[in-house]
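Since every read-out is calculated from the coordinates, none of them should be taken as a lab result. Please read these numbers as outputs of a predicted model, since none were measured by experiment. Cβ sites come from the backbone with ideal geometry, for glycine too, and all protein chains shown count toward neighbours.
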Amino acid sequence: MGKTVKRAAKKGSGFVKSTSSMNPDRPMDKVKLRGAPYARDKATIKRLQMYRTGKAKRDRRGKIVKEAIFQSKVNSGTQARVEPNQRWFGNTKVIGQKALQTFQEEMGKVMKDPYKVVMRKTALPISLLNETAKNTRVHILDTEPYSSVFGSKKTRKRPDLKVGDFVQYAKSAEEASENYDAEKDNDLVRPEPDSHELPPEWFMKAGQSKRIWNELYKVIDSSDVVIQVLDARDPMGTRSKLVEKYLRTETPHKHLIFVLNKVDLVPVWVTQKWVAVLSSEHPTLAFHSSITNPYGKGALINLLRQFGKLHQDKKQISVGLIGFPNVGKSSIINTMKAKKVCNVAPLAGETKVWQYVTLMRKIYLVDCPGIVPPSHESATDMVLKGAVRTEYLKNPADYIMPLLERVKREYMCRTYLVEDWSTPEEFMEQVARRTGKLLKGGEPDVNTVAKMILNDWQRGKIPYFVPPPGHDSSDFDKLKTQENKEMAAKIQEQEELEAMEEAAKSQGSSGVGVCQNLGKITVSLQYSGEDDKPLDKTQLIFQDYDEEEEEEEDADSDTCNDQNNTEKEMVKENSASNKMNTDVEDTTGSLTDTVADTEDLTVKDGDKDNVDVDKQGNRIQEQDKETLEEPTKETVGTEKQDEGDTDMDQDEEKEDKDDDMIGEELLSSEEEELEVEGPTSTRKLRRKHKLFFDPKPTTAKQRRRQEREQKRKKVGSNFYEVTNVKNRNRDRKVPRKAMPVKRLSKR
């Protein structure tokens, strides 16, 4: 019997037909992503395989049995060679010095512009373009090697003598004796003074402890957008340059926003000036914290939504609120949520630790305790900025004099109903006698009155503000304090450059900023004289945002699935009206200077006259009112006659659809179903369309309110009237069968 020869198997094509995620040759049309944004490419798969199977298999002797995945088998002694091609030794990408410098300048402008964001970062080493050689310290071993200083080959240094002979030495000694100042001589023995300044009290270091700054860095690290809340009465005084420098140097990828809170305590023109000044550095918003009547809420929500669109790779973004104590960080969060979620008080230090609050499905707010950056400010500045609680002060009367220097005499007279005083003590005595703050014997209680005045100051009951740069008033008495010296210098500089700025504005500026209508701010305090000015109309007043609680829509979408389904059906049926809604909502808030053009619904010329409104707010023409109020026989007969002529009426309806069907897109889904159920005529359909026509072009805010009112609310008696929960047998149609009664037999 002959031997069987085992034939070698046919060599495969080398391509694996499996659709595994680790197969680089898999067909891309059969790949299932399963939630992943994109499929792995061939290079990624080979890199992962290299991590997993990067080692060659060897036997006991160490001989390679199977090579690694990227290891080729080369016979020993083989000389490696390089392809003789000139491209191996040339530059792969060449750029000229001029083009490189232009790119460096343009990229630097974009990186420093707070209104621009680099969406796609290049693979080029941008960090090499930074000229770090100018700022780096010279290495000492490069200038003086070790061998030239130590060892047998060391060289003697030439001494740096400032004088070359005795004549110059004597001349320099005479000059030193002439310029001698005994106060600057630290070698003299001086007598100790009888008194010295005490160290600051513990409450003066509020907001400067290590624990508070640890909370601040936690908030910054966990936030994608940082909101610095400023007091509109003194924005530059409540601004932290140290934190801004840290964000600019250490975390340049985080966005910084300024929010001017408490704009109801200053005149509107002051808010307008400060917003214009601060917008040149970072996006700035005017805000008024109030759960019932807020201002700037819609603008801030739209701005945060834009930042959320920039970070689409993240499931959600976190927004941290930082700033001085008692500037209103927690109040802004309560205003955004339209309910109390954070403890607030008109006192400094109410927030102790950071808090994480959900604003929307994709936006989270992080509250932070108030921080006070270290500075050379006095205790008076700390108290008048609201960073210290008044009950801790031992001598509160010491802070009344600087307070009276900052506030106009007229405002203090009007607030406390006192007329003439020459000293702060006399002013406090008059206030004490008017308010009844007296001690035994009728003496005024000065300390209690001083605390009361300081509390009124911190809570915004006394009219006061720091004038913005470029303020044309000649009264700079309140700018002479140490706190506002820097501001006074800036005001003088701005006055010199005011003409140049106006010329630049006339030529046409970019106008980049957050669009807000500052004319809608309601000022709670009364100002007079030069402080009461109208708005500067040279600056554009943009369209205001909807101050609607937009976060309710996201909350409803997460909690009520049934309501979502009904909303989707209404969206499909009312496509025209919903397109207008989305256009208005998407374009209301933007960082550009363009204002969205909303599409308005107009009434045709023939329908403008003889229009009235019914109880539900729908428009009714006079001829329709007559048919509704007094239905005559003719109208009933025409309706019956129209029922038989449906085919002809349908043809007429198709022909006159564009002319007569006014407001068809305004019909809701329920009304359309009622129209489709039975045969109707065009006259009846036209009349119903006219009944449901709106009296005026509605805005997005009004349409959202109408949709919310139409939703079924699961609270109170309304829910139990619609949904039978308690008495399930109330609407039972088929009576239950009577249970057979068992009779007991008598024994």
Residue span ALA170 to SER18: 0.36 nm per residue of separation minus Cα-Cα distance leaves a gain in nm of 45.2 nm
Two pseudo-spin positions, 7 Å from Cα along C-beta at ARG81 and at ARG158, lie apart in nanometres by 6.0 nm
Listed with the fewest Cβ neighbours within 10 Å leading, CYS342, CYS515 appear as CYS342, CYS515
With x for Gly and Pro, the residue-by-residue ³J(HN,Hα) of region 394-408, computed from phi through the Karplus equation 6.51 cos²θ - 1.76 cosθ + 1.60 at θ = phi - 60° and given in whole Hz, is 7, 10, x, 5, 5, 9, 6, 5, x, 5, 5, 6, 8, 9, 5
Checked region 379-465 against the a/c 1.5 cut and the a/b vs b/c comparison, axes a ≥ b ≥ c from its Cα gyration tensor; verdict oblate
If ARG389, ARG459, ARG52 are placed from fewest to most neighbouring beta carbons inside 10 Å, the sequence is ARG52, ARG459, ARG389
Normalised per residue, the volume inside the convex hull of the alpha-carbon atoms of region 325-396 in Å³ amounts to 96 Å³
In nanometres, the difference between 0.36 nm per residue of separation and the alpha-carbon distance of LYS57 and HIS196 is 41.9 nm
Beyond 30 Å (Cα-Cα) in this structure, taken from LYS121/LYS245; LYS245/LYS461; LYS46/LYS362; LYS385/LYS533; LYS254/LYS340, we find LYS245/LYS461; LYS46/LYS362
Quick note, region 254-345: a/c under 1.5 would make it rounded; otherwise a/b > b/c is prolate and the rest oblate (a ≥ b ≥ c, C-alpha gyration tensor); here it is oblate
Net charge (Lys, Arg +1; Asp, Glu -1) of residues whose beta-carbon lies under 12 Å from that of MET119, MET119 excluded, is +3
Between GLU443 and SER528, Cβ-based FRET efficiency (R0 45 Å, step 0.05) works out to 0.85
Inter-part gap, Cα centre of region 254-322 to Cα centre of region 164-181, in whole angstrom, is 62 Å
Per the C-alpha gyration tensor (a ≥ b ≥ c, the square roots of its eigenvalues), region 206-367 is rounded if a/c is under 1.5, else prolate if a/b beats b/c, else oblate; here it's rounded
FRET efficiency (THR102, LYS245; Cβ distance; R0 30 Å; to 0.05) is 0.55
If each part is reduced to its alpha-carbon centroid, region 13-50 and region 376-410 end up apart, in Å, by 70 Å
Here Rg/Rh (Cα, Kirkwood) for region 28-100 equals 1.17
For region 206-367, percent of DSSP beta bridges that are antiparallel (nearest 5) comes out at 20 percent
Per-residue Cβ contact counts at 10 Å, fewest first, order TRP269, TRP202 as TRP202, TRP269
